[in-house]
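To keep things clear, I will list the structure first and then write my remarks on it.
The values are calculated or read from the model by the stated rules, or taken from the named source; none is laboratory data. As the structure is a prediction and not an experimental result, all values here were calculated from the model. Here the Cβ positions follow ideal geometry from the backbone for every residue, glycine too, while neighbour counts run over all protein chains shown.
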Amino acid sequence: MRYISTRGKSAAQSFADVLLSGLAPDGGLFMPESWPRFSPSEIAAFKDRRYAETAVTILRQFVGDSFTPDELESDVDAAYARFDDPEIAPLVPLGRNQYLLELFHGPTLAFKDVAMQVLGRLFARALEKRGGRATVIAATSGDTGSAAIAALGGLPSVELFVLHPHGRVSEMQRRQMTTSAHANVHNIALNGSFDDAQGIVKSLFADDDFSKRANLSAVNSINFARIAAQSVYYFTAAARLSAPPVFVVPTGNFGDVFAGEAAMRMGLAVDRLVVATNVNDIMVRTLNDGVYAAGEARPSLSPSMDIQVASNFERALFEASGRDTDYVRVAMSEFRNNLRLQIPPSILGALQTRYAANRADDSETISTIKKVHSETGKIVDPHTAVALAAAHKYGGREGLPLVILATAHPGKFPDAIEAAIGQKPPIPDRLSSLLELPEKLTVLDAKLPLVRAYIEARLAHHES
Ligand SMILES: *Cc1c(COP(=O)(O)O)cnc(C)c1O
């Protein structure tokens with residue numbers, strides 16, 4: 001399997017290249033040259049398999065000859081051995097024909113672990129095969145940072161820099177990053193928004209000289225390996241249901257919901273993907289009105305979705321345009337210049353056959369947490385609550401199962417939960433122990449030269 005860029009100006013690359021670089025050299029995102037296909041009977045057979053086994057079956061189609069089947073199996077098994085539920089992504093009934101797909105059973109209690117635990121191990125293996133070191137830079141709205149630290153902290157050949165928006169992640173999310181004892185982990189708290197952080201990461205990659213010298217790598221959701229690993233739970237969930245489900249996905253950077261599109265393109269029958277956002281609703285406006293326009297990111301109770309530029313949407317545009325790389329390249333440059341892009345009716349129409357979109361503000365988030373708690377006794381986190389509120393607005397067709405992706409453990413957001421139900425959620429030991437540990441972070445203004453100088457200084461320190 002080879003990978004091509006959505007912007008059509010980079011040579012095709014192997015899975016290992018894609019894994020280690022993240023972003024394509026022409027600024028586009030890597031996509032498989034063609035999608036592997038699974039037949040209905042192959043998909044039905046996933047029902048009785050272990051999660052890790054299904055993951056290996058699917059990922060084997062993507063890794064090509066970058067890893068042997070044994071290497072892949074060993075890394076996937078080790079990744080999911082760290083989860084606290086043997087089903088890894090359990091499908092939990094919530095109401096009549098409604099389910100929560102719980103994706104928060106990994107080491108940092110958010111769905112990012114499902115892909116990052118696999119990616120970290122494959123990354124270390126690819127680096128070892130190739131020799132040399134890598135500098136990994138991750139912008140995080142809250143959960144990618146800790147998941148990357150849990151996956152890459154302590155690896156001898158990696159320096160990891162994590163940029164989060166200062167004061168805009170929950171205390172638990174911050175502590176999960178800043179209490180890491182690993183010397184290769186560097187936390188930068190940026191005075192700015194997630195979009196500022198993501199913008200700086202993109203500029204560092206665009207700086208050819210720096211990028212080559214530092215051997216830069218991105219493990220953000222733009223890394224295709226994450227999309228591939230996230231597509232697995234769409235299969236395992238749908239295989240257990242008797243009709244094609246509607247998946248409702250709490251959305252920020254559009255990575256998780258695009259993994260649903262990937263599953264569909266590999267043959268999975270899905271009725272609809274419902275994109276759920278908070279007030280940062282660029283994707284809701286885009287999918288309903290055809291105007292992809294960024295505003296100012298506003299803080300909310302679901303901070304991991306406080307995003308105005310949804311990077312992975314470029315992948316959906318690539319597919320919806322019939323893989324028209326000329327269109328994508330021009331569209332993305334128009335968006336970069338004007339922060340606004342009008343989607344042509346034919347492409348919007350193609351997107352709307354697959355996606356629907358609804359938003360929920362903070363007060364709807366709170367009332368949803370409250371309602372679910374009083375009706376079912378369950379406590380859901382604010383991101384999951386946004387999806388539940390969006391699911392309610394969507395309605396759906398009678399008889400089709402509704403699967404809501406539960407992307408974080410409520411214990412990560414005790415203040416929002418307390419505001420909703422008047423009591424704190426149970427805090428897992430993995431989190432409460434963090435309250436005792438010292439924190440390590442550097443606060444920087446959101447200026448490219450400052451961040452680059454900080455990274456250069458740490459890398460120079462390492463070389464000396
Ligand atoms: C990252 C994250 C999201 C958004 O996922 P995207 O792939 O960026 O759309 C939703 N919920 C939680 C808890 C997250 O950490």
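Brief remarks follow.
- Any hit, the stretch 213-221, residues being farther than 27 Å from PRO382 by Cα and either charged (D, E, K, R) or modelled with pLDDT of 95 or more (or both): yes
- Any hit, the stretch 239-253, residues being touching a residue at least 12 places away in the same chain (Cβ under 8 Å), within 19 Å of LEU59 (Cβ to Cβ) and more than 13 Å from the ligand (Cβ to nearest atom): yes
- The set of residues in the stretch 382-409 being part of a loop (DSSP other than H, G, I, E, B) and basic (Lys, Arg) consists of ARG397 alone.
- Residue identified as surrounded by 19 or more Cβ atoms within 10 Å (Cβ to Cβ) and polar (S, T, N, Q) among THR384, THR376, THR442: THR384
- Options VAL56, VAL92, VAL63: the member that is more than 20 Å from the chain's Cα centre (by Cα) and β-branched (Val, Ile, Thr): VAL92
- Among the residues of the stretch 328-357, those identified as in contact (Cβ under 8 Å) with a residue 12 or more places away in the chain, assigned to a helix (DSSP H, G or I) and either loosely packed, with under 13 Cβ neighbours inside 10 Å or of a type outside the set (A, V, I, L, M) (or both) are ARG329, PHE335, PRO345, GLN352.
- Restricting attention to the stretch 420-439 and to residues that are at pLDDT 95 or above and part of a helix (DSSP H, G or I), the residue that is surrounded by the most Cβ atoms within 10 Å (Cβ to Cβ) turns out to be ALA420.
- In the stretch 71-101, the residues that are among the charged types (D, E, K, R) and under 15 Å from ALA126 (Cβ atoms): GLU71, ASP75
- Boolean, GLY27 is closer than 20 Å to SER321 by Cα, at pLDDT below 95, in contact with a strand residue (DSSP E or B) (Cβ under 9 Å, 6 or more places away or on another chain) and of a type in the set (Gly, Ala, Ser): yes
- Extreme residue, surrounded by the fewest Cβ atoms within 10 Å (Cβ to Cβ), among residues of the stretch 58-83 that are under 17 Å from VAL114 (Cα atoms) and without any contact (Cβ under 8 Å) to a residue 12 or more places away in the chain: ALA81
- Residues located in the stretch 265-322, provided they are of a type in the set (D, E, K, R), more than 11 Å from the ligand (Cβ to nearest atom) and modelled with pLDDT under 95: GLU296, ARG298
- Residues that are free of Cβ contacts under 8 Å to residues at least 60 places away in the same chain and not aromatic (Phe, Trp, Tyr) within the stretch 254-269 comprise GLY255, ALA259, GLY260, ALA263, listed in sequence order.
- Among the residues listed as PHE62, PHE67, PHE83, the single one being of a type in the set (A, V, I, L, M, F, W, C) and in contact with a Gly (Cβ under 6 Å, 6 or more places away or on another chain): PHE83
- Residue within the stretch 134-155 that is without any contact (Cβ under 8 Å) to a residue 40 or more places away in the chain, on the phi < 0 side of the Ramachandran plot, outside any strand (DSSP E or B) and more than 16 Å from the chain's Cα centre (by Cα) present: yes
- Taking the criterion of being in contact with a helix residue (DSSP H, G or I) (Cβ under 7 Å, 6 or more places away or on another chain) and over 17 Å from ILE455 (Cα atoms), the residues of the stretch 178-201 that qualify are THR179, SER180.
- Some residue of the stretch 304-311 being hydrophobic (A, V, I, L, M, F, W, C), in a helix (DSSP H, G or I) and buried (at least 22 other Cβ atoms within 10 Å of the Cβ): yes
- Set TYR394, TYR454: member being within 25 Å of THR144 (Cβ to Cβ), of a type in the set (Phe, Trp, Tyr) and either touching a residue at least 60 places away in the same chain (Cβ under 8 Å) or surrounded by 15 or more Cβ atoms within 10 Å (Cβ to Cβ) (or both): TYR454
- First in the stretch 35-54 and closer than 20 Å to LEU72 by Cβ, second anywhere and of a type in the set (Lys, Arg) and surrounded by 15 or more Cβ atoms within 10 Å (Cβ to Cβ), Cβ under 7 Å, 6 or more apart: TRP35/ARG265
- Strands (runs of 3 or more DSSP E) fully within the stretch 187-297 counting 1 or more residues that are within 28 Å of PRO93 (Cβ to Cβ): 246-250, 272-277
- Restricting ILE417, ILE379, ILE369 to residues that are without any contact (Cβ under 8 Å) to a residue 60 or more places away in the chain, within 15 Å of the ligand (Cβ to nearest atom) and part of a loop (DSSP other than H, G, I, E, B) narrows the list to ILE379.
- Helices (runs of 4 or more DSSP H) (entirely within the stretch 24-133) containing at least 3 residues that are under 21 Å from ARG430 (Cα atoms): 69-81, 112-130
- Residue in the stretch 145-167 that is touching a Lys or Arg at 6+ places or on another chain (Cβ under 6 Å) and within 16 Å of the ligand (Cβ to nearest atom) present: yes
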